Amino acid sequence: MLIVYNEAHPRHQGSVEMFRGALVPSVEVPARVERVREELLRRGTGRFVAPGATDMALLSRVHDPRYLAFLRQAWNEWVALDPVNAGSDVLPSYWPIKAFRRDVEPQSFVARLGLYAFDAGTPLTAGSWDASREGANCAITAARQVLAGESAAFALTRPPGHHAGRDYFGGYCFLNNAALAAQALRDGGAQRVAILDIDYHHGNGTQTIFYDRSDVLFVSLHADPYTDYPYYIGYADEAGSGPGRGFNFNLPLPRGTDGPCWRQAFQAAATRIRAFRADALVVSLGVDTYERDPISGFRLTTADFSRIGGALAGLALPTVLVFEGGYAVEDIGVNTANVLDGFLQR
Ligand code: Q9C
Ligand code: ZN
């Protein structure tokens, strides 16, 4: 398996996020990807390669060009407000909800920030654009390697991507790496692409990007949004719209879901993917379903992750795996490497 590694990931380094009225230490830290890299190297799993150059045309088919321009300039605008801002992360304080106008872009940076952010838990830092852009390049490179004949490739990157939509960031995500991989597969000749999202949280960004399309199937196993982030989306009755009706499949699961229950839901997801007759698969691989994850509520074990890898390989499709969440830093390397080894051993 090819590992497309984002060497620029440490340039995105949030220090705090807003949580229940306080700024708390960032959960999404560089050590996450460092631990995975170390464990893969220790095991000799996969062959590490660097990503290719940025394809702005492809980025602009998945994301709004105005949003991309905003992200690229955001840090500079933040510091331009006041030079002391260089010492703190960018976090929004205002949002245009309900009856407010969303069709005007105010001149004020903090006002525009609220147009593009959907939570106050996603710190943007000096290197967030560079790290995110290189991460997107990793996902796109992984997809192109699979188009060129690799049976599987893993984009090992952070920040994660599946909460980022066409024109918004949140949930620690800025650019939707899985969506970019899926679009790259489509552009490279795959007629039908399935995305299977197994992160603990619903992949709201990926769902919304492809919601009205029938060429990309989105299937997600995640914590019920009735109790868990992102709360306002990810319910079972979201089936797609227009020509995309029937091509979005959410499987929300209760807090406390363990390996056997999770595998039962996985079988339903696999049945839907087989019926779709996909030419390629993109996996949003979050390991925050782990029993000791500090912000999540499922009970998957380290051994369960090996089985998941085998089950993913059982779909027997050219596969791009994209790293998403997982916050139990001490075990993240073993859990992620177990998925990849389980995949390779099948
Ligand atoms: N202090 C991903 O797993 N809020 N994103 C949690 C914890 C946001 C997770 C609050 C969770 C986002 C990619
Ligand atoms: Zn997650």
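The values are calculated or read from the model by the stated rules, or taken from the named source; none is laboratory data. Keep in mind it's a predicted model, so treat the numbers as computed, not measured. Note that we place each Cβ from the backbone using ideal geometry, even for glycine, and neighbour counts take in every protein chain shown.
May I ask you to list the residues in segment 264-295 that are touching a residue at least 24 places away in the same chain (Cβ under 8 Å), part of a helix (DSSP H, G or I) and surrounded by fewer than 15 Cβ atoms within 10 Å (Cβ to Cβ)?
Listed by number, the list holds a single entry, R274.
Which ones in segment 120-143 are touching a strand residue (DSSP E or B) at 6+ places or on another chain (Cβ under 9 Å) and either within 14 Å of A74 (Cα to Cα) or surrounded by fewer than 20 Cβ atoms within 10 Å (Cβ to Cβ) (or both)?
Result: A120, T122, P123, L124, T125, S128, S132.
Looking only at residues that are buried (at least 23 other Cβ atoms within 10 Å of the Cβ) and in a loop (DSSP other than H, G, I, E, B) in segment 296-316, which one is farthest from ligand 2 (Cβ to nearest atom)?
F298
Tell me which of these S220 doesn't satisfy, since it passes every other one: (1) in a loop (DSSP other than H, G, I, E, B); (2) surrounded by 24 or more Cβ atoms within 10 Å (Cβ to Cβ); (3) not β-branched (V, I, T).
(1)
Does segment 9-26 contain any residue that is in a helix (DSSP H, G or I), out of contact with any Lys or Arg (no Cβ under 7 Å at 6 or more places or on another chain) and over 22 Å from A184 (Cβ atoms)?
yes
Of A182, A194, which residue is at pLDDT 95 or above, more than 14 Å from ligand 2 (Cβ to nearest atom), in a strand (DSSP E or B) and small (G, A, S)?
Sole residue among the options that is at pLDDT 95 or above, more than 14 Å from ligand 2 (Cβ to nearest atom), in a strand (DSSP E or B) and small (G, A, S): A194.
Looking at S26, S88, which one is on the phi < 0 side of the Ramachandran plot, polar (S, T, N, Q) and within 16 Å of ligand 2 (Cβ to nearest atom)?
S26
Checking the conditions here, which among G161, G188 is among the small types (G, A, S) and either buried (at least 24 other Cβ atoms within 10 Å of the Cβ) or within 15 Å of ligand 2 (Cβ to nearest atom) (or both)?
Of the residues listed, the single one that is among the small types (G, A, S) and either buried (at least 24 other Cβ atoms within 10 Å of the Cβ) or within 15 Å of ligand 2 (Cβ to nearest atom) (or both) is G161.
Is at least one residue of segment 32-43 touching an Asp or Glu at 6+ places or on another chain (Cβ under 6 Å), over 19 Å from A178 (Cβ atoms) and in contact (Cβ under 8 Å) with a residue 40 or more places away in the chain?
Among the residues of segment 32-43, not one is touching an Asp or Glu at 6+ places or on another chain (Cβ under 6 Å), over 19 Å from A178 (Cβ atoms) and in contact (Cβ under 8 Å) with a residue 40 or more places away in the chain, which makes the answer no.
Among residues belonging to segment 74-97 that are in contact with a Leu (Cβ under 7 Å, 6 or more places away or on another chain) and not hydrophobic (A, V, I, L, M, F, W, C), point out the one that is surrounded by the fewest Cβ atoms within 10 Å (Cβ to Cβ).
P96
Any idea how many residues of segment 1-49 are over 13 Å from R158 (Cα atoms), of a type in the set (V, I, T) and touching a Ser or Thr at 6+ places or on another chain (Cβ under 7 Å)?
1
How many of the residues in segment 72-90 are among the polar types (S, T, N, Q) and more than 19 Å from G170 (Cα to Cα)?
Count: 2.
Applying the selection to segment 98-119, what residues are out of contact with any Asp or Glu (no Cβ under 8 Å at 6 or more places or on another chain), surrounded by fewer than 20 Cβ atoms within 10 Å (Cβ to Cβ) and among the aromatic types (F, W, Y)?
Result: F100, single match.
Only one of G114, G170 is of a type outside the set (A, V, I, L, M, F, W, C) and touching a residue at least 40 places away in the same chain (Cβ under 8 Å); which?
Within the list G114, G170, the selection yields G170.
Condition test on Q191, is it over 23 Å from V339 (Cα atoms), more than 11 Å from ligand 1 (Cβ to nearest atom) and not acidic (D, E)?
The answer is yes for Q191.
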